[in-house]
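J.: Handing you this structure, nothing more for now.
The values are calculated or read from the model by the stated rules, or taken from the named source; none is laboratory data. Here the structure is a predicted model, which is why all the values come from computation and not from measurement. Here the Cβ is made from the backbone with ideal geometry for all residues, glycine too, and neighbour counts use every protein chain on show.
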Amino acid sequence: MKKRILFIVGAIALILVISGVFIYGILKDTINPADFIRPQFSSPNLMEGASITYETLKKGEKPDAVNLLASGNSAWTPRDIDRKPGANTDDVCNGAAEIRLAKLSVFNTAIIEEIGNEVQYFRLQAYINDNWVTVYQSEKIQSLRLCSFDAVQTDRVRLVIDKFRSRNTSAKIKSLQLYNESVRDVKDFNVTVYQRLDGDVPSEILKRTPEQIAAFARYYDVYNTVLIFGAVNWKNGEMTFGVPDGEDGFARELSALRTIIEQRSNKEHKVKIVCTALADGAGGNGHTGVNVFMAEHWQRVADRMVEF
């Protein structure tokens with residue numbers, strides 16, 4: 001088990017991490033999300049002419065999902081699951097907005113924009129054969145989330161926010177756009193993603209229905225390399241694990257993740273799991289914590305990783 005886990009460590013990688021954190025620390029307050037490069041589409045936005053048919057409301061909350069369809073900086077503001085439902089509203093444990101398109105449409109791409117960073121988990125669903133079917137689900141939206149999935153045909157869609165970062169701050173979803181883009185065969189294209197073991201916990205995912213597990217496993221039809229981060233931590237030069245049950249829990253979640261990956265639809269698509277073990281910035285002094293920690297413990301970090 002342990003020999004199959006690949007750990008990355010080296011001076012070049014460390015320099016890149018430190019440099020990236022340092023530059024971000026300087027520029028984060030000057031970055032304007034409007035300056036980001038936006039995707040260009042050849043198809044029309046199918047949300048044109050759409051209307052909001054339903055939205056969940058918590059106590060004291062006013063309906064504003066219509067802002068998903070507006071231009072400018074107005075936003076739909078779903079709230080945390082702990083808030084009480086509003087009058088004549090179902091007691092739901094998430095925030096959802098249902099949208100009816102102007103006509104029956106086929107689409108395979110969505111753009112979701114958020115002001116801020118309060119969404120921790122979301123789903124995009126299409127109403128197909130009298131059922132809500134999840135076509136895309138993931139963590140975070142942030143400034144812009146590009147969602148790509150198999151083409152579906154419907155005139156009803158639903159955006160569901162399942163988990164919020166804060167119990168006191170509403171999320172601000174600026175817009176939802178839908179497109180039907182042509183599918184291109186791109187060879188030798190590698191997709192590398194970062195993944196934690198304490199967000200979408202693999203062992204918990206395996207407790208879901210076979211359909212839900214299969215839907216989650218479809219991500220790995222696209223991913224080539226999965227970088228596991230935040231699972232290995234360091235304290236006083238000793239390796240610790242950011243999951244319950246320590247090393248045993250770490251091994252359990254990696255095993256569960258492999259089981260999920262094995263259920264991808266394209267069995268010929270190869271997926272590599274890489275576990276990073278570089279110290280993060282939690283060593284103190286803000287973003288410079290990693291510098292301090294590695295300067296004091298680099299020899300022990302290297303020895304402990306080899307021992308593991």
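J.: For region 183-205, indicate whether the set of residues that are part of a helix (DSSP H, G or I), aliphatic (A, V, I, L, M), farther than 30 Å from residue 296 by Cβ and modelled with pLDDT of 85 or more is non-empty. Quick ask: steps written out before the conclusion?
T.: Of region 183-205, the ones part of a helix (DSSP H, G or I) are 202-205.
If we keep only those that are aliphatic (A, V, I, L, M) too, we end up with 205.
Then keep just the ones that are farther than 30 Å from residue 296 by Cβ; that gives 205.
Of the ones still in play, those that are also modelled with pLDDT of 85 or more are 205.
There is at least one residue in region 183-205 that is part of a helix (DSSP H, G or I), aliphatic (A, V, I, L, M), farther than 30 Å from residue 296 by Cβ and modelled with pLDDT of 85 or more.
J.: What number of residues within region 213-237 satisfy the criterion of being in contact with a helix residue (DSSP H, G or I) (Cβ under 8 Å, 6 or more places away or on another chain) and part of a loop (DSSP other than H, G, I, E, B)? Don't jump to the end; show me each part of the working.
T.: First pass over region 213-237, keeping only residues in contact with a helix residue (DSSP H, G or I) (Cβ under 8 Å, 6 or more places away or on another chain): 213, 216-217, 220, 226, 228, 231-234, 236-237.
Checking which are part of a loop (DSSP other than H, G, I, E, B) leaves us with 231, 236-237.
Of the residues in that region, 3 qualify.
J.: Follow-up question, since we're still on this one. Given the residues 87, 70, which is the only one that is at pLDDT 85 or above and over 27 Å from residue 196 (Cβ atoms)?
T.: Values: 87 fails: at pLDDT 85 or above.
Just a single option satisfies the conditions, and that option is 70.
J.: If we scan region 147-155, do we find a residue that is assigned to a loop (DSSP other than H, G, I, E, B) and among the aromatic types (Phe, Trp, Tyr)? If you could, list the steps in order and put the result at the bottom.
T.: The initial filter retains those residues of region 147-155 that are assigned to a loop (DSSP other than H, G, I, E, B), namely none.
No, there is no match, as no residue in region 147-155 is assigned to a loop (DSSP other than H, G, I, E, B) and among the aromatic types (Phe, Trp, Tyr).
J.: So which of 251, 256, 231, 215 ends up being in contact (Cβ under 8 Å) with a residue 60 or more places away in the chain and farther than 20 Å from residue 147 by Cα?
T.: So the residue among 251, 256, 231, 215 that is in contact (Cβ under 8 Å) with a residue 60 or more places away in the chain and farther than 20 Å from residue 147 by Cα is 251.
J.: Still on this model: Here are some conditions: (1) in a strand (DSSP E or B); (2) under 16 Å from the mean Cα position of the chain (by Cα); (3) of a type in the set (Val, Ile, Thr). Residue 106 meets all but one. Which one does it not meet?
T.: That leaves (2) as the condition not met.
Every residue, every condition in (1) within 19 Å of residue 140 (Cβ to Cβ); (2) surrounded by 15 or more Cβ atoms within 10 Å (Cβ to Cβ); (3) under 18 Å from the mean Cα position of the chain (by Cα), yes or no:
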site: 189; (1), (2), (3): no, no, no
site: 193; (1), (2), (3): yes, no, yes
site: 199; (1), (2), (3): yes, no, yes
site: 203; (1), (2), (3): no, yes, yes
site: 208; (1), (2), (3): no, no, no
site: 213; (1), (2), (3): no, yes, yes
site: 219; (1), (2), (3): yes, yes, yes
site: 226; (1), (2), (3): yes, yes, yes
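J.: In region 248-277, which residues are surrounded by fewer than 18 Cβ atoms within 10 Å (Cβ to Cβ), closer than 16 Å to residue 222 by Cβ and of a type in the set (Lys, Arg)?
T.: 267, 270, 272
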